[in-house]
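Working notes, beginning with the structure itself.
The values are calculated or read from the model by the stated rules, or taken from the named source; none is laboratory data. Note that the structure is a prediction, hence the values are computed from the model and not measured. Glycine also receives a Cβ, built like all others from the backbone with ideal geometry; neighbour counts cover every protein chain displayed. The accessibility values were calculated without ligands, DNA or RNA, using every heavy atom of the protein model including side chains. Shrake-Rupley method; radii C 1.70, N 1.55, O 1.52, S 1.80 Å.
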Amino acid sequence: MNLKDWIGRSETVSDIATATPYAALSATFDRPAERPPVGTPLPGLWHWLYFLPLHRQSEIGPDGHAKRGGFLPPVPLPRRMWAGSQFTFHKPLHIGDAMTRTSTIHDVTEKSGRTGPLVFVKVRHEIRREGEADIALTEFHDIVYREAAKPDDVAPPPKAAPASATWEKKWVPDDVLLFRYSALTFNGHRIHYDRKYVTEVEGYPGLVVHGPMVATLLLDLLRHQLPDAELASYEFRAVRPVFDINHFFVCGEPQPDGKTFRLWAKDHEGWLTMEATAVIK
């Protein structure tokens, strides 16, 4: 089996940006939860509330993800994680918009890492408002597959987060927060809600906080500071897992050009867990 044969495969799905998921995520982030009127712009990354993967129950694998194969290549490695993403915001999306998303396998790369074989899959998503030829949002999604944890695995050395931040917000994750985010994004991955599975099978010390949720909270921090700013681009890279057994922080600071913002997340000990860059128009 040559995994590179999947490069170029694509699928297109449609959805409507309805108000209830927007209000529900606002409530989950402890913000006012009124259903927004038609025409309200979607905040950055809130398009993840739509185009949800609707796999039948019989298609779900033991980890809660869909069984391998189909659109994504059937990578024969058990652990799958969201490594990072890059976005270009061409036009705003709004509540009430009918949308289409075309997803294409952009690249598949096999490597050998410190703990064994790794497979990186990069997916390109293009979102358009229905009936429009121009792209509203381009997203590249980086997925990494790796072997199961082994007892003698040694964690990579942590990297210290920046010592100071212009903005900082503390988050205390718990089972309910992670469950609500999983439900909103229809994410069945058991590492986020099944403590027995995540500790005994995957070998983590606690429930894993969703990388996409942390990436969204970083942009939410920026949006709180600059509510009228319009995003031009955003990218993030997961550095270290965050677990529900301790609090974490989302942080940010503007750069000298006034349009670029350095954002990062750190754990309770000050270790860097995610780094990101946002650029506004």
* Asked: Of all residues in segment 59-72, which are under 25 Å from ALA215 (Cα atoms) and touching a helix residue (DSSP H, G or I) at 6+ places or on another chain (Cβ under 8 Å)?
  -> ASP63, GLY64, ALA66, LEU72
* Structure fact -> Listed by first then second residue, the pairs whose first member lies in segment 153-169 and is open to solvent by 50 Å² or more (accessible area, probe 1.4 Å), whose partner is in a loop (DSSP other than H, G, I, E, B) and not acidic (Asp, Glu), with beta carbons under 8 Å and at least 6 positions apart or on separate chains, are ASP153/THR115; ASP153/GLY203; PRO156/ARG114; PRO158/ARG240; LYS159/VAL239; LYS159/ARG240; ALA160/GLY270
* Subset of segment 179-222 that is under 17 Å from the mean Cα position of the chain (by Cα) and of a type in the set (Lys, Arg) - its residue that is surrounded by the most Cβ atoms within 10 Å (Cβ to Cβ) -> ARG190
* Report yes if some residue within segment 131-140 is acidic (Asp, Glu), under 29 Å from ALA278 (Cα atoms) and either in contact with a Pro (Cβ under 6 Å, 6 or more places away or on another chain) or not in a strand (DSSP E or B) (or both); otherwise report no. => yes
* Out of the residues in segment 67-96 that are in a strand (DSSP E or B) and touching a Lys or Arg at 6+ places or on another chain (Cβ under 9 Å), state the one that is surrounded by the fewest Cβ atoms within 10 Å (Cβ to Cβ). => MET81
* Asked: What residue, among those in segment 9-58 that are among the polar types (S, T, N, Q) and touching a Ser or Thr at 6+ places or on another chain (Cβ under 7 Å), is surrounded by the most Cβ atoms within 10 Å (Cβ to Cβ)?
  -> SER10
* Structure fact -> Within segment 97-122, the residues that are part of a strand (DSSP E or B), among the hydroxyl-bearing types (Ser, Thr, Tyr) and either free of Cβ contacts under 8 Å to residues at least 60 places away in the same chain or open to solvent by less than 30 Å² (accessible area, probe 1.4 Å) (or both) are SER103, THR109, SER112
